[in-house]
Structures are given as C-alpha cells and as structure tokens.
Amino acid sequence: MIVKTTTLSVKTESRETFKDVTASIRKFVQKSNVQNGQVTLFVPHTTAAVTINENADPDVVTDLLFSLKKSFPDRKEFRHMEGNSDAHIKSSTIGASETVIVEDGSLKLGTWQGLYFCEFDGPRTRKLFVQVIGE
Ligand code: ZN
C-alpha cells in the first residue's frame, strides 16, 4: 500500500475564479507510482472549494461563476463581520473535497472533465491538500 500526501500552492488572481489543477494532480499521481487506488483533493479554506467540471469550453466556468454570483449575492442582511458571507456560502455549496479513481496509473475522469480549485474570496495564495492511496 502506497500513501503519498502533498500540499499544492494555488495562486488566484481575482476575487472569484476557477483554476484548472488537473495537470498538477495527474503529475503527482504519476510520481507516486500508485497504479490502482484513489486520489483525494481537500481544500483547507472556508471561502474556497474544489469541483469537477468541463475543461473543454472555458465558457462553462464563466457560466458557473455567473450563476453562483446570481444565486448567492452579497446581502445587507448578512451578519458575518468579515463581509464575505457570499464566499462562505459558495464554499459550502460547492464543497471542500473531491475523490477520483486512479486506474492503471491514470486519473479515471470523463473525457471532458477537469479538476478545479474554486476561489470565492481572492486574490490570495491558497493551499490544496492532495493524497493518493493505493498500490
Ligand atoms: Zn469570513
């Protein structure tokens, strides 16, 4: 059984953005020598998230960000003193982790799927915990 853990640094350039981290995760899995198992991505932040979605047409990410902004606008009724409640809500809605199957040393993703770090209160330098487990 192999277990390898790393922390990726993700630099975000705007308040809300999705960063495609698929290539970094693929590289980490290949270096680990795990052939069959799974890789977990975990975001240790309360105003960021991780998700899987299309990485062929960049307009999909644009539409996701637009829809999240429309669905969870900043509201004067919010009480959180930091003033970033909308970011906390988006973080919980999208979620802090994803798991992907590793088969024959590769990520078992759909043809159009990519892994995205989701920033909702940037720009910042963020952490992404990644652990691959298997044999
Ligand atoms: Zn806050």
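What follows draws every value from the coordinates through simple rules; no lab data is involved. Bear in mind that the values here come from a model prediction, so they are computed numbers and not experimental data. Methodologically, a virtual Cβ is constructed for each residue, glycine included, from the backbone with ideal geometry; neighbour enumeration extends over all protein chains shown.
Bin by bin, in steps of 10 Å, what percent of the Cα pairs in the stretch 26-81 do you find, going until the bin that has the longest distance?
Histogram of Cα-Cα distances, whole percents per bin: 15, 31, 32, 16, 6, 0.
Per 0.36 nm of contour for each residue apart, how much would the distance between Asn36 and Phe78 grow if the chain were fully extended, relative to their Cα-Cα spacing?
10.6 nm
Rounded to the nearest 500, what is the 222 nm mean residue ellipticity of the chain from helices alone, with -39500 (n - 2.57) per DSSP H run of 4+ residues and division by all residues?
Here the helix-only value at 222 nm equals -7500 deg cm²/dmol.
List the relative contact order of the chain as a percent without decimals, with contacts defined as Cα pairs under 8 Å and 6+ residues apart.
It comes to 55 percent, rounded to a whole number.
Using the count of nearby Cβ atoms within 10 Å as a rough guide to exposure, how do Asp63, Asp20 rank from fewest to most?
Listed from fewest to most nearby Cβ atoms, that is Asp63, Asp20.
Roughly how tilted is helix 22-32, in degrees to the nearest 10 and between 0 and 90, from the longest Cα axis of the chain?
Compared with the principal axis, the helix lies near 30 degrees.
Determine, for the chain, the count of lysine pairs separated by eight or more sequence positions (or lying on different chains) whose alpha-carbon distance falls under 12 Å.
Step by step, the pairs that qualify in the chain add up to 5.
By how many nm would the segment from Val3 to Ala96 grow when fully extended, if each residue of separation counts as 0.36 nm and the alpha-carbon distance is taken off?
Using 0.36 nm per residue and subtracting the Cα-Cα distance, I get 31.4 nm.
Just the number, please: Stokes-Einstein D of the chain in µm²/s, Kirkwood Rh from C-alpha pairs, 4 °C, 1.567 mPa s.
83
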